[in-house]
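A.B. asks: First, the structure itself, so that you have it in front of you.
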Amino acid sequence: MRLFGRKSDDEGADPAERVAGFWQWWQSARPALDAAVAAGERDKQAELLGPAVAAIHPDLVWELAPGTNAAHALVVTAAGDAELRPLAHRWARAAPPAALL
């Protein structure tokens, strides 16, 4: 049941745990993702990142883009959904320091 018209969280799981799970996954998946980016393998990038971002919330959208302080940047966005914006911000704030990315 919705409370005050807000969407319910995916499967009732704690958003903080889903975000933390993403960043734990990131540490182990990063080498494979770097290799896929270097090889221009967009399908492999989607195969790796798609499920990991969807595990945070299925309506979040991701993109790999040219970076300003690195070769590439991973962007995760609420894609205009105001109710998902706090979750996308939580994801960004939980990222490890840039030196560890």
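The values are calculated or read from the model by the stated rules, or taken from the named source; none is laboratory data. Just so you know, these numbers come straight off a predicted model, no measurement behind them. A quick note on method: Cβ atoms are made from the backbone with ideal geometry, for glycine too, and the neighbour counts reach across all protein chains shown. When the accessible area is computed, the model is the full protein with side chains, heavy atoms only, and any ligands, DNA or RNA have been set aside. Shrake-Rupley method; radii C 1.70, N 1.55, O 1.52, S 1.80 Å.
A.B. asks: Assuming R0 = 30 Å, can you tell me the calculated FRET efficiency for the pair H89 and A29, based on Cβ-Cβ distance, to the nearest 0.05? Intermediate values should be presented prior to the final figure.
C.D. replies: On the way: r = 22 Å, r/R0 = 0.74.
Rounded to the nearest 0.05, the efficiency is 0.85.
A.B. asks: Could you compute the FRET efficiency for A13 and A38, with r as their C-beta to C-beta distance and R0 at 35 Å, rounded to 0.05?
C.D. replies: Values: r = 33 Å, r/R0 = 0.95.
Efficiency for this residue pair is about 0.60.
A.B. asks: Moving to a separate point now. Using a probe of 1.4 angstrom, how much of the accessible area of the range 12-101 is carbon and sulfur, in percent? Mind showing how you got there, number by number?
C.D. replies: Numbers: 2990 of 5300 Å².
Exposed carbon and sulfur together represent 56 percent of the surface.
A.B. asks: Compute, for E47, the solvent-accessible surface of its heavy atoms (probe 1.4 Å) with the complete set of protein chains present, and express it in square angstrom to the nearest 10.
C.D. replies: 120 Å²
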